[in-house]
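Let me begin by presenting the structure, written as structure tokens, before commenting on it.
Just so you know, all these numbers are worked out from the coordinates, no wet-lab data involved. It should be emphasised that the depicted structure is a prediction, and the values quoted were computed from it without experimental measurement. Here the Cβ positions follow ideal geometry from the backbone for every residue, glycine too, while neighbour counts run over all protein chains shown.
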Amino acid sequence: MTRRFPTGRWFVPVGLRYDYGRREVTTSGMDDPQELFGPSYPVPTAGLSTAQAREEFRQPRELQTHTLAVRTGLGRRLSGRLTLEGGLQGGYLMGGSGPTYAVLDSAGVVSVTVAEERFSRSNYGGGGTQFDMSAGGGGNRSVLNPVLNRLSLSTWLRADYRLSGNLHLTLGTTRHLTPVYREGSPAMERQRLELGLRWGR
């Protein structure tokens, strides 16, 4: 839902939107997976399969998110049919699912696993600015990326072409400025393309 003020050639768009996102998660191509752990996650070398850890870490995974976002900026009507607008977007992460990279220590044997975790306000509680994905984990589990940012900032750019009446064809791009994971090395696709139809003036 977006409103534009005023109705002249230049305008300020103000919108509230629900965003369902699917983004690829990858780790760095380091030769030594222990470098991923950092000083906060000391890992014994005995029993750690470096080849297995590399393979687990390098497999691309998927992060699914449900976000409520507010966006605003500046726009211009280039013609009776074509409109261009862009600006900033603030998002609130309501829930989703994604990978966690963990170290398991059982009887002195260390292994590396990647598991998919669901996160939501009810599971991980609180109204703060982060999700803790390590909630409920066992004492022998060291999760490398347990915390996600609940609040995010993005830039966006969109072009609307009016097909007929109030029906518009929309093409846009969004670049995420805030990292999803607060810790660890997982990298995220920052650029997203949008293509769809919009109904309104």
Item checked: Added length on full extension, which subtracts the Cα-Cα distance from 0.36 nm per residue, R201 to A187 -> 1.2 nm
Note to self: For a Förster distance of 25 Å, can you work out the FRET efficiency between the beta-carbons of Y161 and Y18, rounded to the nearest 0.05?
What the structure shows: 0.60
